[in-house]
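Each remark here refers to the structure printed beneath this line.
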Amino acid sequence: MIKLIWSAFAMSLCLLPLSVWSQTEAIDAFLGLETDAKSEEPLVKELKKFSPQNLHDQMEWNVQEKEVEVDTVPLKRQGYSLIPWGTQDPEDWLSIDKWLVERSLKDKLPDWKLRLRDDRQLEHVGKILQCRGKCGIYRGTMRASVEHQSGIIEGDEVKTEADSVAWIYLIDGTLVRVGPSTAMSFLEINWSKKEVFHLVRLHQGHIFWHPRDAKEHLVDLSPETDSFSLPVLVREANQAWFERELFQKQSDFARSEESSKLEDGAINAQIIKLNELKAKNNSAGPPVSKVMMVAPNGSLVGKLTSFDFFHYPGGKSYFKKRHASEGHELALHLRGYLATETAPITEESWFEIETNGRSHVKVQQVIGGLEIAELLTRRIKTFELAREFWIEKYTLPLVKALENPKDFAIKHGYTLWGDELNRRFDFLVEYTRRMETTNLKSMDNLLRKIEANGEIAQKEMGDEHYRNSINYYLKSLKNRYTNQRVQVREMNDLQYYIWILRHGTKQN
C-alpha cells in the first residue's frame, strides 16, 4: 500500500508540468486569446511530436507496421495531448480495469486517435464584436467574462446580464445582437462550399439575427439607433473616425463654416466607405448563411434573412422577419411528435407562437415593447462597416481555402461538408422537434415547482429588453452636438484610441 502511494505521488510530480501547461493553454483557448496570423514555422516543428506514417520503415526502431498507431497533423486549435487534463479523475487514471477496456478498443481501431480528435473537435463559431455591460460565456461548467474579440466555439452559451448588450460576429459574416437578460447557445457550425449552417438555441430573451447581404447601403443621415453599443472597438468603423478625417482635411475657414454640418458629412463618408468595402468583398464571394434558431416552443429556419426572436420559458414566443436578400427563406417548425408540417413566413410582420408550440398567429395589435426592440436595430451602419472590415480579415481567408479541404481543416480547423449536410439538417429538424416537445412537458413541471415555492418565473416580455438602450438613445440625441462630442474630431491618434477604449467598453 505504501509503495502504491509513493508511486502515485511520483507520477503526480511527473505530470505536474504537463498539467500546468495544459491549464494555461486551456485558459487561452477559453478566452479566444490567439494570434490571428501565425507563422508556419512553429507548425512544422510541432509535427515532430506525431508518429510519422513511415515509422515502421526505419529499421533501427524495430517497429512492426501493424503496431504503429498513426496520428496526423491536428486541426487548428486542437491540442497534441489526447488526455483531458482539466477533467481527469485520479481514480479513473489509475484504474487498471478501465485501462484494459480502453486498450482493447484501441487495438480494434487502429485509427482511434483520429476518431477521438474528430469527436472532440469544436469548431470556431465567431468573435465578440462588442459588449456593453456584463457578458459571459459558459463552456461546460466554466464561465468567463468576455470582451472585444473573445472567441466563441461550438457548445458555448453566451449570456448577458440586465441592462447589457452583446454584438457577435459569426465567422460567415452574420451579426447577432444579444439583448439584455438573454441566454443562447451556439451548438453547431457546418461549412460546405455553398453555405454555412448554424444550429443555435435561444434559451430566453431577445435575439436579432442579421446575415450579410450584398445590397448597397442606402444613404440615411439619421442617427444610429443602437447608440448604447457605440463606439465599437474597430476604430475605423466609427463615425468619429470620419469626423476626424474631415476635420483634418479642412481649412480653418471651412471648419468654422461646417460646424453644424460636420456630422452629416461624416455619416455620408461612412456610408461611402461601407459600400466600397461591400463591393470589394462581394467579388470574393462570401458564403450563404443558413440558421436553425431553436426555442422550446418553435424553431425558425432562415436563409439570407434577418429576424427578431423573443422567448421566455413557460411563455409565448414572438418573431418578425426583417430584411431579406434574393433567394431568401424563412420557415417555422412547430412542436408535437407528429407535427411534421412547416409554415413558410412571407410577411414582414410580428407573429406569436403559443406556449405549447402547437400553433402560431399573426399579431394584430403590436405591443410597444416589440416596436421599440425593432427600432434599436433599424440603423446600425457602424456595425455593418465593422462587419465588412472583419469579413476581409477573418472570413475571406476561409472562403479562399474552400477548394482545398485539407488546408481548410489544418489551417483553419473546419471540416468541409458535402451533400451529407442536407441529411444532417433533416435529422436535426426531426430530432429537435421530438426533444423540444418532451422538454416542454418537463419545463411545465419545473415551473410549477418553482411557483409552488413562492418564486415568480418571468414568462412575459418586460421593458428590461430595451429600457437602458432606449434611454441612452434618447440621451444621445440631446447630446448630439455638445462640445464633448465636437472635441473628438480634434484628437490625435493616441487620444482617439484612448477615447475608444474608454467609451467603447464602459460598464454600467
- Message: Past 20 Å, Cα to Cα: identify those pairs from Lys159/Lys459; Lys303/Lys441; Lys127/Lys280, in the order given.
- Response: Lys303/Lys441; Lys127/Lys280
- Counted neighbours (other Cβ, 10 Å), sorted fewest up, put Val176, Val219, Val488 in the order Val219, Val488, Val176
- Highest mean packing first, using Cβ neighbours within 10 angstrom, the peptides 359-372, 115-128, 74-87 sort as 115-128, 74-87, 359-372
- Task: Using 0.36 nm per residue of separation minus the Cα-Cα distance, give me the extension gain between Leu105 and His328 in nm, one decimal.
- Result: 75.6 nm
- Query: How many nm is it between the label spots at Glu154 and Lys362, if each spot is 7 Å from the Cα in line with the beta carbon?
  - Reply: 4.0
- Query: What is the list of residues in the range 217-236 whose amide nitrogen lies under 14 Å from a point 7 angstrom out from the Cα of Leu477, following Cα to Cβ?
  - Reply: 222-228
- Query: Taking the Cα-to-Cβ direction at Thr340 and at Gln495 and moving 7 Å from each Cα, how far apart do the two end points lie in nm?
  - Reply: 6.9
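Only the coordinates and a few stated rules stand behind these numbers; no lab work does. This one's a predicted model, so the numbers in the text were calculated from it and none came from an experiment. FYI the Cβ positions are ideal-geometry reconstructions off the backbone, even for glycines, and counts take in every protein chain you see.
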